[in-house]
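Okay, so here's the structure we're looking at.
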Amino acid sequence: MKQPILEARNVFKIYDMGKMKVNALSDVSFKIFQGEFISIMGPSGSGKTTLLDIMSALLRPTKGDVFIGGKPVSKMDDNELARVRGRTIGFVFQTFNLIQRMTALENVMLPLWFQGIAMGEREKRAREILERVGLGDRTHHKPTELSGGQRQRVAIARALAVDPDVIVADEPTGNLDSVSGEQILNLLDELNKEGKTVLMVTHERDIGKRAQKIIHLKDGKIIKNEKFGRR
Amino acid sequence: MLDLEIVRVAFTNIKRQRLRSYLTLLGMVIGIAAIVTLFSLSTGLSLAVEGMFESLGLDVIFVEPGGEMGFSTAISRTINESDIDIIKGIPGVEEVVGLYETAAIAKYKEHEMSAFIIGYDPNKEEYMQGMGYLSLGKGRLLESSDLYSILISESFAKDALEGEELDVRKKIEINGQDFKIVGLLDDSDLASSSFGITNMFWVTKNAARTFFGAEDPIELAVKVTDEHLVNSVVEKIESRLERAHGEKDFSVMTSESLLESFNTVLGVMQIVLLMLASISVVVGAIGIMNSMLMAVLERTREIGAMKAIGATNNMILAIFITEAGLLGMTGGALGVVLGYIVAFGISAVAGSLNFTLPIVIDPVIVVIGVSISAGVGIVSGIVPARRASLMDPVEALRYE
Ligand SMILES: Nc1ncnc2c1ncn2[C@@H]1O[C@H](COP(=O)(O)OP(=O)(O)OP(=O)(O)O)[C@@H](O)[C@H]1O
Ligand SMILES: [Mg+2]
């Protein structure tokens, strides 16, 4: 049997708010394999973002464990988590979260810098990837000089820079108009066809259906696993 | 861990800082500027004064009224005419020159001015000149037979009277007696201008005694035959004069000891000013810390994003500390520039008052100024940078 790239095993996330406890996730287990495209869907507050953050080693579970490439997150210290995140996960956020003062090129070079890759190589790779997402002519633009869709493509380029195993995207089209949203989804589709694993949070069924699998969350629990054939 | 790119990243961040964060740098700029100005001025002052004492000569001893304190110029008459002969009797003494000083009011037409009368013995003119006094600019020096003749300085002649210049052959009334200006003294260098005192009226010793009641000299300048004899002659002057006066109501100084006491005074002044400047630097440090704390808060989401894409806590720490260090360095560099501008300005003002104050740009001061400020910046950056590095990435990303 193949080893999953990411696996959550009986994960709980409980926020202790003093007077009351919020069960953001309760006993969630699931696996992601190489090359899959999975959507997480559910109503607001159902724990989608929490699950995505836990799966991508940004957040530690209260109980249970997450395995990244077979290694348990509970056995890693913060530095190791940062390293694992930096190498195996590529983040795409709803609000882009680019560094405003840096150009598109510099933003894409940033994760490579954190990985200790030499200056010349950083720049070369960043240029290639910006080219790949169709922004070869926007390398020296700052985020404020780009449209929303272009910003999100810079963010995807930044996520791709380290050639990660998984792209995780939290409502990547949430802040975009339908046309640029469509372009971003097509880009994620293409990347998946080229072999990238994609884990995406959305609350729109149309968007969720582009995946091969939808995990439905409600009140922090998986209530349904929906599978589609490869399109 | 991270390569030199960190400096460029820090620079990018600083460049985009708001005006507010530059204002918080003001304390640092002023502190470093104060230190630089202070050091360059006091170095210049030292050089100027050293040059002055050198021109007085190392083979000259001064005997002045008063106890220990070096710079007392109080006109107390404890030196006697007879002291000249006592000192002349000491082996190794070549000549003793007495200066017969007093204050008076001078009148020229309707102008009144205070005058500092100095009488000297024209026979000893060459010794006076050897000590840097009496360099003639125009006219002639005094002769023994002169009674109603005076010398004044060129700058006094030019500037003392509003709309009118004094010159050779003009007459001035002092204490009701008319005197004729026979010569103008060149006081363009520091030694002859005596720290910018220009209202010195030189008369013969006889005139000083006849018209100004200066029977005894106020101070004596003793020239020894050989520089190496200075110390032994000083000892003998002290013991013989003390025996003659019955008490030590005078002080004996050499160029060297004058320079030493000057340097002591300068040193105390430097320490006091340095402490004031340090307070400014501390204010600057607080400013940088404050501005970095604001920056960390403003960039919370960025910090979250950087952590998500693989930055370790130490990398975040390094990024913010570098930024704080660079910010401090910027303040320091501006401070060094400002400090030298002020120093050159003061030097120019002093120059226009005939006081040559050489200012030299000293690379050591530049390096020290910039590195102190970089160091202070780094230290002030530790707390904000730690706060940034310890942020929880998820909370940081959710920060509004
Ligand atoms: N730091 C926190 N402290 C306390 N409660 C939290 C915290 N973060 C999340 N929660 C709670 O956990 C639950 C799940 O939140 P989460 O952000 O995962 O929901 P979501 O499905 O992503 O919602 P949305 O669609 O609105 O983004 C919510 O009830 C939320 O209030
Ligand atoms: Mg969410």
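Looking at region A:39-123, the helices (runs of 4 or more DSSP H) lying wholly inside it that each contain 1 or more residues that are under 14 Å from the mean Cα position of the chain (by Cα) and within 12 Å of chain B (Cβ to nearest Cβ) sit at A:48-55, A:78-88. Annotation: of all residues in region A:35-73 being in contact (Cβ under 8 Å) with a residue 60 or more places away in the chain and over 16 Å from A:MET200 (Cβ atoms), the one that is farthest from ligand 1 (Cβ to nearest atom) is A:GLY70.
Of everything listed in (1) within 16 Å of ligand 1 (Cβ to nearest atom); (2) modelled with pLDDT under 95, the single unmet condition for A:ALA8 is (2). Check off (1) modelled with pLDDT of 85 or more; (2) within 14 Å of chain A (Cβ to nearest Cβ) for B:LEU4 and give me the number that stays unchecked. Against the list (1) modelled with pLDDT of 85 or more; (2) within 14 Å of chain A (Cβ to nearest Cβ), B:LEU4 comes up short only on (1). Annotation note: of A:VAL201, A:VAL162, A:VAL154, the sole residue that is within 14 Å of another protein chain (Cβ to nearest Cβ) and in contact with a Gly (Cβ under 7 Å, 6 or more places away or on another chain) is A:VAL162.
Quick check, is B:GLU50 of a type outside the set (Gly, Ala, Ser) and more than 16 Å from the chain's Cα centre (by Cα)? If you could, list the steps in order and put the result at the bottom.
Details: of a type outside the set (Gly, Ala, Ser): yes; more than 16 Å from the chain's Cα centre (by Cα): no.
No.
For every residue, the table says whether it meets (1) loosely packed, with under 14 Cβ neighbours inside 10 Å; (2) on the phi > 0 side of the Ramachandran plot; (3) under 29 Å from the mean Cα position of the chain (by Cα).
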site	(1), (2), (3)
B:LYS109	yes, yes, no
B:SER114	yes, no, yes
B:ASN123	yes, no, no
B:MET128	no, no, yes
B:GLY132	no, yes, yes
B:GLU154	no, no, yes
B:GLY163	yes, yes, no
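For region B:297-319, which positions are basic (Lys, Arg) and either more than 7 Å from chain A (Cβ to nearest Cβ) or crowded, with 24+ Cβ neighbours inside 10 Å (or both)? Matches in region B:297-319: B:ARG299, B:LYS307. What's the number of the condition A:ILE167 fails, among (1) outside any helix (DSSP H, G or I); (2) within 16 Å of ligand 2 (Cβ to nearest atom)? Unmet condition: (2).
With respect to B:ALA214, determine if the residue is within 30 Å of A:ASP77 (Cβ to Cβ), in contact with a strand residue (DSSP E or B) (Cβ under 6 Å, 6 or more places away or on another chain) and surrounded by 15 or more Cβ atoms within 10 Å (Cβ to Cβ). For B:ALA214, the condition - within 30 Å of A:ASP77 (Cβ to Cβ), in contact with a strand residue (DSSP E or B) (Cβ under 6 Å, 6 or more places away or on another chain) and surrounded by 15 or more Cβ atoms within 10 Å (Cβ to Cβ) - is not met.
The values are calculated or read from the model by the stated rules, or taken from the named source; none is laboratory data. All figures in this text were calculated on a predicted structure; none of them were measured in a lab. Neighbour counts are summed over all protein chains in view; Cβ atoms, including those assigned to glycine, are modelled from backbone coordinates with ideal geometry.
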